[in-house]
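Quick note: the coordinates plus some simple rules give every number you see, no bench work behind them. For clarity, every value in this text was computed on a predicted model and none was experimentally measured. Because the Cβ atoms are built from the backbone with ideal geometry, glycine has one as well, and the counts that use them run over all protein chains shown.
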Amino acid sequence: MDDLTPEAVLRRRGEPELAWVEVEGELVVYDSERDALHLLDPAGTAVWKLLDGSRSIRGTSKHLAGAFGNPVEDVLADVLGFARRLQDLGLAVRLS
Amino acid sequence: MTGPQPAPAGGKPLPQRSTPCLARLNALEWTATLAVRVDRWCVGVRANSEEAAATVDALFAPARVPPLDGVVAPNFSVRVASAEPARTGRRDLHLVYRDHEIVARRRDTTRLLDDLVALVEATAHLAETEMLAVAGAAVVVDGAHVVLLPEQQHRTLLMHAERLERLELRLLPTRSHRIDPTTGELVIRRSGVAGDETIPLRVWFVRTPTGQESRLRRAQGVQAAYPTIVNQAALGPQATLRMLATASESVLFHVAPAMSSGDVVATVQRLFG
């Protein structure tokens, strides 16, 4: 699998393959193709919501850094790691 | 080649999985298998005597489908014990099996038949679309709250039903239950009485890979409870998750540890006794 760069653009998969619900800041996601359930913590949920295919991973990181007042480079490392995990699980697809 | 066949007028026969245990049960003496329409299903109920079969016939009279008697699989089996004491000097228990598994055992036939009606009616939960239908062992505490345990523990609790009742803990006979997603209440059909009984679900024990007894965050609980929803196919995954999230707003989720029968009763007693 190709490695993600900060310039990569990902989009979360949606219905009908995935169903999800937010519970107290955490996201429970059901993947009907793999019959698998996933739980995203609040940070993962925030990233998930921003992966709509409209911005790069760096852009997503900037957005989150601005919202939480953290340095962009610190946030970028976390978002990149989380995006790789989502891609591995088949919960997000790379657009570019 | 033919296309999909419409459900027959008597309902779609409820399938049954063939197992060695079922073969042993089949080898016992049975008088008749009666067909009963439950929602869109046709369910088979067999009995071990002419008298028991006549009672089952009368019990389900409005929903009976006589043309399918003996044609449907024996999804439920009713064994009414002999009035004579067994060699041990004690009277045997009256039993209801679902497939090959004992799901009700009573000394009182009236209570056994109440259990049977509830168990057969629960079959319709598979097609329920307005509520969540969940598999589990439900214990009503002081008539005020419900504790839901994994379905596998129903059999264990059933063996302690009388002990539980002395503790004001009422084990529901069915192993699937309807939950109103807007209120988080268990909706219990009362046989012979108009209207449903609703009791808030307060504690939900779920199975997780780790198995330690501990509180779960609600999202973890929703994740662990999802596989226990028996009407997922009728609801679809998105509605199932949404209903679970709403229904569990006032629920405390715990991990269900592997427990002996005594531990199960003790745990319920410790929480609410």
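Of A:19, A:46, A:67, the residue with the greatest mean-square motion in the GNM of chain A, using alpha carbon springs below 10 Å, is A:67.
Ranking A:38, A:27, A:60 by how far each Cα lies toward the positive end of the dipole of the range A:11-90 (charges on Cβ) leaves A:60 at the top.
Legend: mean number of C-beta atoms from other chains within 10 angstrom of residue C-beta atoms, peptide A:9-18, equals 1. Ordering A:90, B:49, B:199 by Cα displacement along the dipole of the protein assembly as shown toward the positive end leaves B:49 in first place; charges were set at the Cβ atoms of Lys, Arg (+1) and Asp, Glu (-1). Take each residue in B:224-233, count the other chain C-beta atoms within 10 Å of its C-beta, and the mean is 1. Look at the Cα gyration tensor of the range B:12-124: its axes a ≥ b ≥ c give a/c of at least 1.5 with a/b over b/c, and that counts as prolate. Shown here: chain A, whose C-alpha atoms stretch 37, 33, 19 Å along the first, second and third principal axes, sorted largest to smallest. Against the longest principal axis of chain A, how steep is helix A:57-68, in degrees 0 to 90 to the nearest 10, with axes from Cα atoms? Between the helix axis and the principal axis of chain A, the angle is about 80 degrees.
From the square roots a ≥ b ≥ c of the eigenvalues of the alpha-carbon gyration tensor of the protein assembly as shown, which class results: rounded (a/c under 1.5), prolate (a/b over b/c), or oblate?
prolate
Figure legend: label point modelled 7 angstrom from the Cα of residue A:49 along Cα→Cβ; residues of the range A:1-28 with amide N under 16 Å from it are A:12, A:20-28.
Residues considered: A:23, A:75, A:47. Largest GNM mean-square fluctuation over chain A, using C-alpha springs under 10 Å, is found at A:23. What shape does chain B have by the C-alpha gyration tensor, where a ≥ b ≥ c are the square roots of the eigenvalues, rounded means a/c under 1.5, and otherwise prolate means a/b greater than b/c and oblate the rest? Oblate.
Work out, step by step, the length gained on full extension between residue B:23 and residue B:197: first 0.36 nm times the residue separation, then minus their alpha carbon distance; give nm to one decimal. Please report the intermediate quantities before stating the final value.
On the way: separation 174, 0.36 × 174 = 62.64 nm, distance 3.76 nm.
Stretched fully, the residue B:23-residue B:197 segment lengthens by 58.9 nm.
Over the range B:12-124, what is the percentage of antiparallel beta bridges among all DSSP beta bridges, to the nearest 5? List each step's numbers first, then the result.
Numbers: 17 of 22 bridges.
Antiparallel: roughly 75 percent of the beta bridges in the range B:12-124.
Across the range B:128-272, Cα-Cα pairs farther apart than 26 Å form 18% of the total. Full extension of the chain between residue B:16 and residue B:39 gives 6.5 nm of extra length, using 0.36 nm per residue less the Cα-Cα distance.
Each residue, residue B:83 and residue B:183, gets one label point 7 Å from its Cα in the Cβ direction; the gap between the two is 4.4 nm.
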